[in-house]
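**Q** One structure is given below, represented as structure tokens, and several questions about it will come after.
Every number here is computed from the coordinates shown, using simple stated rules; none is lab data. No experiment lies behind these values; they were computed from the predicted model shown. Cβ: placed from backbone, ideal geometry, glycine included. Neighbour counts: every protein chain shown.
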Amino acid sequence: MKLTELAAFDVAHAHLAWPWIAFDPSGTSFAFASSARTIVTRVLGDASVTDGPTFSLAEGMSDRLDAFAIGAGGALLAVSGTAEGASALVTSDATGEKARTALEALTGPGFVARALAFDRSGARLWISAESHDATALVLVDARTHALVGIARSAVFPPPSLHELALHPVDDAVLLLAACGEDGTFARVAGWSGGGVEPIATALDAGSLPAGFVGFSADGARVHLAEADELRTHAWPGLEELSSVELADDFVSSFSGAVLGEKILVDGEDAETHEDAVMMFDRSGIVGSLVHDDVPRGMWAGRLGRDCIVTVEAKGEPARGRVLRVTL
């Protein structure tokens with residue numbers, strides 16, 4: 001593994017829930033907060049990372065955001081947070097606010113948005129929201145917030161940390177909710193031109209704590225990292241296809257990336273606590289420790305075909321980096 005640093009940046013994260021980095025649907029640009037009320041974007045080119053649009057947090061919004069997302073190329077920013085004492089969704093472009101909607105107008109009262117993601121076209125926005133007794137995957141028009149559809153489901157054990165992952169082929173989204181010792185719960189929903197269709201999965205009722213690593217290139221498999229196993233599930237029902245134990249003394253950080261034909265799991269040495277990586281072939285079964293230099297810090301996600309974004313969590317702001325990975 002060879003690492004080439006393409007860019008470094010500082011993330012103002014004190015007012016953000018993790019993840020502190022948002023990727024666009026194409027995976028070629030990302031956004032982060034450079035101050036309490038400013039979100040900037042960066043765009044990956046052939047050999048460098050350049051500046052994209054800069055956004056100011058919408059007037060009347062609290063500094064504390066529940067979630068944020070960017071559209072293709074960083075052209076649109078969506079944020080959810082508190083405005084005038086209620087949970088609100090705001091969409092802006094570089095010239096300013098374009099739409100603002102009270103979340104309860106979409107979901108009913110009591111819901112808070114926990115994660116946002118533009119769909120692959122950039123025309124629609126997925127919202128993962130929850131209340132004290134229910135969860136909902138909501139799809140709206142990105143510019144007008146007109147409701148496209150909603151899929152409601154049972155509440156997760158609190159507290160839950162939501163992560164949305166767009167499927168690379170289908171107009172569908174995977175929600176993983178990390179609920180501490182209660183494990184990780186999943187929801188899958190799709191859109192085929194009508195309403196939002198919920199899809200029952202083997203992880204709806206929860207499983208061991210796990211984090212998203214990535215989809216296979218054809219979208220047929222979903223790779224999840226547990227503390228000491230890499231587990232592969234079928235799409236879209238998330239039935240288990242295989243599981244393999246990680247190396248002795250390697251503990252995953254519940255994250256990773258799929259780069260080309262390789263599956264990378266981020267983690268650390270259990271004894272030294274130094275950063276470590278395991279690499280698997282496309283099957284998700286044959287793997288080994290990487291003995292070259294490995295990325296430092298938390299992996300925020302894949303950028304382009306062969307880059308990852310990392311954040312060293314200590315300090316405010318935290319140092320972020322874009323690393324090209326040559327395998």
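**Q** Hey, in the GNM for the chain with a 10 angstrom Cα cutoff, which one of 309, 213, 196 fluctuates hardest?
**A** Maximum fluctuation in the GNM of the chain, among the listed residues, is at 196.
**Q** Do you know the relative contact order of region 56-106, to the nearest whole percent, from alpha carbon pairs under 8 angstrom that are 6+ apart? If you can, show how the numbers build up before the last one.
**A** Numbers: 86 pairs, mean separation 14.2, N = 51.
Once divided by the residue count of region 56-106, the mean separation gives 28 percent.
**Q** Further question on the same structure: Quick check for you: which residues of region 1-33 have the amide N under 19 Å from the point 7 Å beyond the Cα of residue 312 toward its beta carbon?
**A** Only 3-14, 20-21, 33 fall inside the zone, counting backbone N under 19 Å.
**Q** While we're on this one: Can you tell me which of 170, 46, 293 moves the most in a GNM of the chain? Springs connect C-alpha atoms under 10 Å apart.
**A** 46
**Q** How large is ³J(HN,Hα), in whole Hz, for each residue of region 19-32 in order, when computed from phi with the Karplus curve 6.51 cos²θ - 1.76 cosθ + 1.60 and θ = phi - 60°, using x for Gly and Pro?
**A** Listing the rounded values in order: x, 7, 10, 10, 9, 6, x, 7, x, 10, 9, 8, 10, 7 Hz.
**Q** Right, next: As a test of the formula, what do you get for the chain when each DSSP H run with n ≥ 4 contributes -39,500 (n - 2.57) and the sum is divided by the residue count, at 222 nm and rounded to the nearest 500 deg cm²/dmol?
**A** Working: 1 runs with 4 residues, N = 327.
Mean residue ellipticity at 222 nm (helix-derived): 0 deg cm²/dmol.
**Q** For the chain, just say rounded, prolate or oblate: build the C-alpha gyration tensor, square-root its eigenvalues into a ≥ b ≥ c, call rounded for a/c under 1.5, and beyond that prolate if a/b exceeds b/c, oblate if not.
**A** Numbers: a/c = 1.66, a/b = 1.25, b/c = 1.34.
It is oblate, given that a/c is not under 1.5 and a/b is not larger than b/c.
**Q** Net charge near residue 62: determine it from the other residues with C-beta under 11 Å of the C-beta of residue 62, scoring Lys and Arg +1 and Asp and Glu -1.
**A** Working: positive: 37, 64; negative: 63, 66, 84.
It works out to a net charge of -1.
**Q** Where in region 240-261 does the amide nitrogen come within less than 19 Å of the point 7 Å from the Cα of residue 282, taken along Cα to Cβ?
**A** Of the residues in region 240-261, 241-243, 257-261 have backbone N under 19 Å from the label point off residue 282.
**Q** Cross-link partners among lysines for residue 2, C-alpha distance below 19 Å, same-chain residues fewer than 8 apart left out?
**A** In chain and number order, the partners are 262.
**Q** Among 62, 77, 103, which residue has its Cα furthest toward the positive end of the charge dipole of region 1-105, with +1 on Lys/Arg Cβ and -1 on Asp/Glu Cβ?
**A** Farthest towards the positive pole: 77.
**Q** Here is a follow-up. What net charge do the residues around residue 318 carry, taking every other residue with its C-beta under 13 Å from that of residue 318, with Lys and Arg at +1 and Asp and Glu at -1? Walk me through the intermediate numbers first.
**A** Details: positive: 296, 314, 319, 321; negative: 10, 312, 316.
With Lys, Arg at +1 and Asp, Glu at -1, the net is +1.
**Q** What does the charge dipole of region 184-307 about its Cα centre add up to, to the nearest 20 debye, if the Cβ of each Lys and Arg holds +1 and the Cβ of each Asp and Glu holds -1?
**A** Values: 8 positive and 22 negative charges, 155 e Å.
Dipole of region 184-307, to the nearest 20 debye: 740 debye.
**Q** Another question about this same structure. Can you list residues from other chains, or at least 5 along the same chain, whose modelled amide H is less than 5 Å from the amide H of residue 98?
**A** Correct list: 91, 92, 93.
**Q** Give me the net charge of residue 8's neighbourhood, meaning all other residues with Cβ under 11 Å from the Cβ of residue 8; Lys, Arg count +1, Asp, Glu -1. Intermediate results must be reported in sequence, preceding the final value.
**A** On the way: positive: 42, 319, 321; negative: 5, 10, 312.
Value of the local net charge: 0.
**Q** According to a simple spin-label model (label point 7 Å from Cα along Cα-to-Cβ), what is the distance in nm between residue 228 and residue 100?
**A** With each label point 7 Å from Cα toward Cβ, the separation is 5.2 nm.
**Q** If you take the square roots of the eigenvalues of the alpha-carbon gyration tensor of region 81-153 and sort them as a ≥ b ≥ c, do you get rounded (a/c under 1.5), prolate (a/b over b/c) or oblate?
**A** Working: a/c = 2.12, a/b = 1.27, b/c = 1.66.
The shape class here is oblate.
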